[in-house]
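Please read the structure below before turning to the comments.
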Amino acid sequence: MISDSRRTSARPDTDRLGRAERSQDKTELPERPDRSKIEHEAPQRFKAVTRSNVDATPEWQSLDPDLRQGIEVVSAVLPFRTNRYVMEELIDWNAVPNDPIFRLTFPHRDMLSNEQFERIQELLNSDDKAALDAAVREIQLELNPHPAGQMTHNVPTVAGEPVPGIQHKYDQTALFFPAAGQTCHAYCTFCFRWAQFVGLDDMKFANKDVEQLAGYLKEHPEITDVLFTGGDPMVMRTKVFARYVDRIIEDPELDHIQTIRIGTKSVAYWPQRYVTDADADDLLDCFRRIVESGRTVAIMGHYSHPVELSTPIAREAVRRIRDAGANIRMQSPLIRHVNDDADIWAELWNTGVKLGCIPYYFFVERDTGARGYFETPLHKCHEIYRKAYQQVSGIARTVRGPSMSAFPGKVHVLGVQEVGGEKAFVLEYLQCRRGELVRQPFFAKFDPEATWFDTLEPLTEADRRFFPGSWEELTGEPEGTVPLSIGEA
Ligand code: SF4
């Protein structure tokens, strides 16, 4: 069970002036449900809640007007989307605004600077829609919408033609972005793919051509894993998803594909996908077919907080997925205001392991969007990771982190050490565009404020080769574009 003390983020919230936010008038709020006892007489139907219809929900009406206004203004720039399940069963409205799932799904006014906030607020109150749209776009472009070289480098090709919707950054793994899987059951406020939700990416990288995928995989026998990603590929109907999968598993020329990975938040935001949706059983049958073909189905489950595993239906989803022969790996970034506390992570991993999931990645929040609101210094990320790791048994110590999915590869923070009398970060690549650098420890100068790899500097000349500034293959601007490094939903 989730203890009340862990329902809130580690730090009490204050606004930009340092004032504590007003807590809600509990007499106006709906009774908090006991999640472990929620039973639905009929299957819950998916209903998205966005800026355009949130007004009609009782939870919204119960919010403090200042809080509502903050959400309204920020969501003009960074939109929110959630659903009735998240609102009714995951958010504790008595703990708002500090409830972690509230923070994970509803924007906060501090996600914009004072100046940005006031500018949008003013324009929202005016009739000048053109000026509002222009200001929104300008601010969005200031928020580094394409981190880690997303729109550059390594355009995959089949027969000399660029293939949209495939990313092939590391030898063994191809990422596939199916066109029908480029949204999510709910958006995360920290999302590093927010640009595609606001029309900054025109989804040109999404792909609906099954033959193109098969053709690319045939040309690359070194690929063993195909990662379906998005958005969230599990928003696709089963028959669309199965079309891709069956094409792979029925072709003897694609025997080198050993693992079908699915990067998804649905296990947390819409577990009904595996239990009560009309095509839930078909989906599980599809998983079974993959397993029967001698392959592995790995659900890369995006779990950010143990409350996401607290409801009967979330647990039933895990049980049914595992019963179909798939395994579930758990991953998430450390997100300030949501899970920046070692106890939360220890509880998440322990709960997951108890249900049969495998702790996998502990990421660092990416350098995009409202990163200033969510990021945590690297040394603190490592401290939280270490303290959580110390609390779990060996069976949960499969988790790797803190890991930055940076431009050159996945950079693992191993710790902080004194080297030759100087404080330094000890790092290694778990994945790298230059495969020969993987798992070789290297050092960067310690910086207590550093939150991302880009700002780190080599400790010595010998460490310089681990930093991509001088990598020749990365200095040219390739033709065409394809997103990179956005594969870990
Ligand atoms: S982090 Fe993943 S699940 Fe969350 S909104 Fe972004 S793509 Fe969707």
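If you take the residues of region 245-277 that are out of contact with any strand residue (DSSP E or B) (no Cβ under 8 Å at 6 or more places or on another chain) and part of a loop (DSSP other than H, G, I, E, B), which of them is nearest to the ligand (Cβ to nearest atom)? Filtering region 245-277 for residues that are out of contact with any strand residue (DSSP E or B) (no Cβ under 8 Å at 6 or more places or on another chain) and part of a loop (DSSP other than H, G, I, E, B), the one nearest to the ligand (Cβ to nearest atom) comes out as Asp277. Scanning region 447-465 for residues that are over 18 Å from Leu334 (Cβ atoms) and assigned to a loop (DSSP other than H, G, I, E, B) returns Glu457, Leu459, Thr460.
Which of the residues belonging to region 183-211 are modelled with pLDDT of 75 or more, of a type outside the set (Asp, Glu), more than 9 Å from the ligand (Cβ to nearest atom) and part of a loop (DSSP other than H, G, I, E, B)? Matches in region 183-211: Lys208 only. Residues of region 25-62 that are at pLDDT 60 or above, exposed (fewer than 12 other Cβ atoms within 10 Å of the Cβ) and polar (S, T, N, Q): Ser36, Ser52, Asn53, Gln61.
Condition check ((1) over 26 Å from the mean Cα position of the chain (by Cα); (2) more than 16 Å from the ligand (Cβ to nearest atom); (3) modelled with pLDDT of 80 or more; (4) closer than 26 Å to Met300 by Cβ) across all residues:
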{"site": "Gly409", "(1), (2), (3), (4)": "no, yes, yes, yes"}
{"site": "Glu428", "(1), (2), (3), (4)": "no, yes, yes, yes"}
{"site": "Arg433", "(1), (2), (3), (4)": "no, yes, yes, yes"}
{"site": "Glu449", "(1), (2), (3), (4)": "no, yes, yes, no"}
{"site": "Thr455", "(1), (2), (3), (4)": "no, yes, yes, no"}
{"site": "Leu459", "(1), (2), (3), (4)": "yes, yes, yes, no"}
{"site": "Glu488", "(1), (2), (3), (4)": "no, no, no, yes"}
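One residue stands out among those in region 317-339 that are closer than 30 Å to Glu250 by Cα and among the charged types (D, E, K, R): the one that is nearest to the ligand (Cβ to nearest atom), which is Arg329. Of all residues in region 221-239, those satisfying the criterion of being away from the ligand (no atom under 14 Å from the Cβ) and either buried (at least 17 other Cβ atoms within 10 Å of the Cβ) or at pLDDT below 85 (or both) are Ile223, Asp225, Val226, Thr238.
For region 393-446, residues that are touching a Phe, Trp or Tyr at 6+ places or on another chain (Cβ under 6 Å), among the small types (Gly, Ala, Ser) and part of a strand (DSSP E or B) total 5.
Please determine whether any residue of region 107-118 is within 20 Å of the chain's Cα centre (by Cα), not acidic (Asp, Glu) and not in a helix (DSSP H, G or I). Yes; the residues of region 107-118 include at least one that is within 20 Å of the chain's Cα centre (by Cα), not acidic (Asp, Glu) and not in a helix (DSSP H, G or I). Could you tell me whether region 362-371 includes any residue that is of a type outside the set (A, V, I, L, M, F, W, C) and within 30 Å of Leu284 (Cβ to Cβ)? No, because not a single residue in region 362-371 is of a type outside the set (A, V, I, L, M, F, W, C) and within 30 Å of Leu284 (Cβ to Cβ).
Within region 211-230, residues that are within 11 Å of Tyr244 (Cβ to Cβ) and touching a residue at least 40 places away in the same chain (Cβ under 8 Å) have Cβ atoms under 8 Å from residues that are in a loop (DSSP other than H, G, I, E, B) and charged (D, E, K, R) in these pairs: Ala214/Asp251, counting only partners at least 6 apart in sequence or on another chain. Among the residues of region 73-114, the one identified as among the acidic types (Asp, Glu) and at pLDDT below 95 is Asp110.
Does Arg336 satisfy the criteria of being charged (D, E, K, R), in a loop (DSSP other than H, G, I, E, B) and either more than 19 Å from the chain's Cα centre (by Cα) or at negative phi (or both)? The answer is yes for Arg336. Take the residues in region 144-177 that are crowded, with 22+ Cβ neighbours inside 10 Å and closer than 29 Å to Met111 by Cα; name whichever of them is modelled with the highest pLDDT. For region 144-177, the residue satisfying everything is Phe177. Going through (1) modelled with pLDDT of 95 or more; (2) crowded, with 19+ Cβ neighbours inside 10 Å; (3) under 26 Å from Thr368 (Cβ atoms) one by one, Gln121 falls short only on (2). Of Ala314, Ala298, Ala280, all but one fail to be more than 16 Å from the ligand (Cβ to nearest atom), over 15 Å from the mean Cα position of the chain (by Cα) and within 26 Å of Ser393 (Cβ to Cβ); the exception is Ala298. Working carefully through the options Ala180, Ala214, find the one that is away from the ligand (no atom under 14 Å from the Cβ), surrounded by fewer than 24 Cβ atoms within 10 Å (Cβ to Cβ), modelled with pLDDT of 85 or more and within 19 Å of the chain's Cα centre (by Cα). Answer to the selection: Ala180.
The values are calculated or read from the model by the stated rules, or taken from the named source; none is laboratory data. Computed from a predicted structure; not experimentally measured. Reconstructed Cβ throughout: ideal geometry from the backbone, glycine too, with neighbour counts over all protein chains shown.
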